[in-house]
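The structure under discussion appears below in the form of structure tokens.
The values are calculated or read from the model by the stated rules, or taken from the named source; none is laboratory data. Just so it is clear, the model here is predicted, and its values are computed rather than measured. When we count neighbours, we look across all protein chains shown, and the Cβ atoms used for this are built from the backbone with ideal geometry, even at glycine.
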Amino acid sequence: MAEIVIVGAGPAGISAAELLQAHGYHPILLDEGRQAGGQGYRCPSPGLELDMAALMGSEAGKYAGLHARFAALRPHIDYRPGSLVWGIEDKLLHIVQAGVARTLRFDVLILATGAMDRIVPLPGWTLPGVYTLGGAQVALKDQGCFIGRRVAFLGSSPLLALAASQYRRLGAEIAVIADTTPFARKLAALPGLLNSPRSLLRGLAYLGDAMRAGVPVLHGVRPVAVEGDGHVEALVLRDAQGRERRFACDAVALGYGLKPETQLAELAGAQLLYDERFRLWLPKTDIDGRAAPGLYLAGDGATIGGADAAEASGALAAHAVLADLRQSRPAAEAGGLRRRVTRLRAFQAGLARAFAWPVAQIRALPDDVPLCRCENVSVGEIRLAMAQELGPVEVNRVKAMTRCGMGRCQGRVCGPALQEIVAGERAIAGADAGRLRAQAPVKPIALATAAADAP
């Protein structure tokens, strides 16, 4: 029987494992986290009493349902929490588990690696107290703590209102929800958002709750700076009317939407294509998630679609595996899953218009703003390198000359903004600026990691 490995134990990975197990397989499910659920349905740390029903709000039923399904599934699969996959070559995964390096062979690989925040730097963004939006949610869901007592939420993402709602629900004070996309652009994107009326209404409810609670909700802002002496003290921005406004706070959560975690897919042989709608390099797959022979992608690690689309695409990937292994005929339910994934991803394309990636804002960043915080490379250093005679015109050459993207995150944080700066300096399309190529290890591993005696 084929050895099937699934990387990622969020909604997509769990759904894929369920279907495969139901057809007689015993898949290996590798989870970088300590508990299944992924980012959206993350469990609190063991022993922490946190009211997840209150925190999840209208999504509490889905949260409980996913974890109940996994509890029933776990005895019938090979679940390996705390397993970081840091490299892939041929049919071999390189893993670190409990500080020990291991290898794992596979015949079929399903990558359900999820997504991470897209970040736009601004003056002061490296001050203690500035977090990614996802980091702010991890602190709350995993540890039951706030990133600050008075938090400002800044960026261009529907998740700003969600995270602010979760913080306010559990007692934090919200200084402001500041969105860089003008309100008129959101209205223009409304037809695409009707692909998921429930999601649209839920997002409007979050905003309505914030406004009724007296939280300032601003659209079309231009960030000026995060201010503070050794820690965050205020967020300064210009509102849609051009007025400078200062919001006292002790923490800032930044989020400009999500980007798929595509590094492992690239190492496994997936082709990446530039998508102008999202201004991202995304893996090429068919509707069922096939990316290469024996390689399947599901969930937000393939294309941003949200938790519901992730569940459906995980099941689709499993159906594709079964069909390719000649273990089943194309299932009737696959057609419904395809239609659901297509509709929900169309909704996400609408969100990309309603919550735009701020290209002009990035290209106008002051020279002294740190772009790559890992290697402490400023925006000005990028521009200076590109201005030299025969200077680089592609992101990997810029990386080689400046070290931007060579740090711990391997460009996962600074890469999207670097691409826009390179494109802007050379007046070229985003696709022509290139992308930072994936390299192992895709995430940091300790030099002291011990090798296991056997794969």
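Within the set Ala36, Ala17, the sole residue that is at pLDDT 90 or above, surrounded by 15 or more Cβ atoms within 10 Å (Cβ to Cβ), of a type outside the set (Phe, Trp, Tyr) and in a helix (DSSP H, G or I) turns out to be Ala17.
Exactly one residue out of Ala364, Ala356, Ala349 is farther than 30 Å from Asp308 by Cα and either of a type outside the set (S, T, N, Q) or in contact with a strand residue (DSSP E or B) (Cβ under 9 Å, 6 or more places away or on another chain) (or both), and it is Ala364.
Listed here are the residues, each with its yes/no results for (1) touching a Gly at 6+ places or on another chain (Cβ under 9 Å); (2) outside the structural domain of Gln419 (by TED's automatic domain parsing); (3) in a loop (DSSP other than H, G, I, E, B).
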{"position": "Phe278", "(1), (2), (3)": "yes, yes, yes"}
{"position": "Asp308", "(1), (2), (3)": "no, yes, no"}
{"position": "Glu311", "(1), (2), (3)": "yes, yes, no"}
{"position": "Gly314", "(1), (2), (3)": "yes, yes, no"}
{"position": "Ala320", "(1), (2), (3)": "yes, yes, no"}
{"position": "Glu333", "(1), (2), (3)": "no, yes, no"}
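Among the residues of the stretch 411-418, is there at least one that is assigned to a loop (DSSP other than H, G, I, E, B), buried (at least 21 other Cβ atoms within 10 Å of the Cβ), among the charged types (D, E, K, R) and out of contact with any Leu (no Cβ under 8 Å at 6 or more places or on another chain)? So far as the stretch 411-418 goes, yes, one or more of its residues are assigned to a loop (DSSP other than H, G, I, E, B), buried (at least 21 other Cβ atoms within 10 Å of the Cβ), among the charged types (D, E, K, R) and out of contact with any Leu (no Cβ under 8 Å at 6 or more places or on another chain).
Restricting attention to the stretch 393-407, the residues that are more than 15 Å from Trp281 (Cβ to Cβ) and either modelled with pLDDT under 90 or in contact with a Lys or Arg (Cβ under 6 Å, 6 or more places away or on another chain) (or both) add up to 1. For the residues Leu390, Leu384, Leu365, the requirement of being in a loop (DSSP other than H, G, I, E, B), farther than 28 Å from Gly134 by Cβ and hydrophobic (A, V, I, L, M, F, W, C) singles out Leu390. Answer yes or no: is there a residue in the stretch 146-158 that is touching a residue at least 60 places away in the same chain (Cβ under 8 Å) and under 30 Å from Leu20 (Cβ atoms). The answer is no, given that none of the residues of the stretch 146-158 is touching a residue at least 60 places away in the same chain (Cβ under 8 Å) and under 30 Å from Leu20 (Cβ atoms).
Does Ala184 fit the bill of being more than 22 Å from the chain's Cα centre (by Cα), assigned by TED's automatic domain parsing to the domain that holds Val224, over 24 Å from Glu59 (Cα atoms) and crowded, with 20+ Cβ neighbours inside 10 Å?
No; evaluated as a whole, the condition is false for this residue.
For the stretch 207-243, which positions are touching a residue at least 40 places away in the same chain (Cβ under 8 Å), in contact with a strand residue (DSSP E or B) (Cβ under 9 Å, 6 or more places away or on another chain) and farther than 30 Å from Pro370 by Cβ? Residues satisfying the conditions are Leu207, Ala210, Ala213.
Of the residues examined, Ala423 is one that is at pLDDT 95 or above and among the aliphatic types (A, V, I, L, M).
Listed by position, the strands (runs of 3 or more DSSP E) inside the stretch 180-263 whose residues that are within 30 Å of Ala440 (Cα to Cα) number at least 2 are 251-255, 258-260. In the set Ala9, Ala54, Ala64, only one residue is aliphatic (A, V, I, L, M), surrounded by fewer than 17 Cβ atoms within 10 Å (Cβ to Cβ) and touching a residue at least 40 places away in the same chain (Cβ under 8 Å); that residue is Ala54.
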